[in-house]
Amino acid sequence: MIAVFKPAPMAISIERYEKMAAAGVLTRDDRVELIEGEILEMAPIGTRHGSVAGRLVKRLILAVGDAAIVRTANPVNLEAFSQPQPDLVLLRPRADDYVDSRPGPQDVLLLIEVSDTTLDFDQGRKRSLYAAAGIREYWVIDVNDRRVVAYSDPQGGNFRGIVEYGFEDALAPQAIPRVRIVVKELFVDSGKR
């Protein structure tokens, strides 16, 4: 009997992905991230996305102080084949400030995606990826509907806790409950929606 070979996509590991970047195959101009072994192109950052992310970064940096490290658009290693670059992440403080290695799920206090054109992806594939990795808390800021969906309690590849916060509501990271974010303060009312 002759063996039959079925061609299949090759999963790219984090190690190979980082070697591609070091060799210049991937450059800083390539807006990509590694998700489950696939190199995916990231959506361009629009003005509303940038505004919301900027306002949130400012509030978080001022509010968390030394209780966490605030990072923007920096990679997080989830497993051997996924290195997403979330819009914002709160990390456990670490003496080396993560210079010796990238953060992993055990280091993440809160992971946030600001979503305008990628809402289905952020609430679908990325949510499943983050839950499977054991990310404790994940927020999706829905720029279009001016709301935040907070996911928590990852178990069995899903988040058991899901709470939606509207425009007038406030929420706080579970790891740092004294940090209060009011949803409407993330948005500038330009008269357009």
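Please list, in chain and number order, the residues 5+ apart from residue 38 or on another chain whose amide H is under 5 Å from its amide H, with Hs placed from the backbone. Under 5 Å from the amide H of residue 38: 12. Distance between the pseudo-spin-label points of residue 21 and residue 168 (7 Å out from Cα toward the beta carbon): 4.4 nm. Among bridges DSSP assigns within the stretch 44-193, what percent are antiparallel (round to 5)? Of those bridges, close to 85 percent are antiparallel. With θ taken as phi - 60° and the Karplus curve 6.51 cos²θ - 1.76 cosθ + 1.60 applied, the whole-hertz 3J(HN,Hα) list for the stretch 10-26 is 8, 6, 8, 7, 4, 4, 5, 4, 5, 5, 4, 5, 5, 7, x, 5, 10 Hz, x standing for glycine and proline. The trypsin sites (Lys or Arg not before Pro) of the stretch 7-86 that DSSP puts in a loop, and whose beta carbon has at most 15 other beta carbons within 10 Å, are 28, 31. Expressed as a whole percent, the accessible surface of the chain that belongs to carbon and sulfur atoms is 52, based on a 1.4 Å probe.
Taking max minus min of the alpha-carbon positions on each principal axis, the stretch 62-170 gives extents of 39, 33, 24 Å, largest first.
Take peptides 111-121, 160-170 and line them up by average Cβ neighbours within 10 Å, highest first, as a rough protection proxy.
In decreasing order of mean packing, 111-121, 160-170 become 111-121, 160-170.
Only DSSP H runs of four or more residues enter the estimate; each adds -39500 (n - 2.57), and after division by the residues of the chain the mean residue ellipticity at 222 nm equals -6500 deg cm²/dmol. Per residue, the accessible area of the stretch 12-155 comes to 47 Å², computed with a 1.4 Å probe over protein heavy atoms only. For the chain, the longest principal axis of the alpha carbon atoms and the long axis of helix 47-64 meet at an angle near 70°.
Close amide-amide hydrogen proximity is noted between residue 81 and 14, each under 5 Å apart and 5 or more residues distant or on a separate chain (H modeled in the peptide plane; Pro and chain starts excluded). Karplus-derived 3J(HN,Hα) values for the stretch 163-173, using 6.51 cos²θ - 1.76 cosθ + 1.60 with θ = phi - 60°, are 10, 9, 10, x, 4, 8, 7, 10, 9, 9, x Hz; glycine and proline are entered as x.
Rounded to the nearest whole Hz, the Karplus-based 3J(HN,Hα) values (6.51 cos²θ - 1.76 cosθ + 1.60, θ = phi - 60°) of the stretch 139-146 follow the sequence 10, 10, 8, 8, 5, 5, 9, 6, with x at glycine and proline.
From the Cα gyration tensor of the chain, with a ≥ b ≥ c the square roots of its eigenvalues, which class applies: rounded if a/c is under 1.5, or else prolate if a/b is larger than b/c, or else oblate? Here the chain falls in the prolate category. Database remark: amide H of residue 174 closer than 5 angstrom to no amide H (H placed geometrically; neighbours at sequence offset of 5 or more, or on other chains; Pro and chain starts carry no H).
The values are calculated or read from the model by the stated rules, or taken from the named source; none is laboratory data. The shown structure was predicted, so the numbers you read here are calculated from the model rather than taken from an experiment. Here the Cβ is made from the backbone with ideal geometry for all residues, glycine too, and neighbour counts use every protein chain on show. For the accessible areas, the whole protein counts, side chains as well, though only heavy atoms, and no ligand, DNA or RNA atoms are used. Shrake-Rupley method; radii C 1.70, N 1.55, O 1.52, S 1.80 Å.
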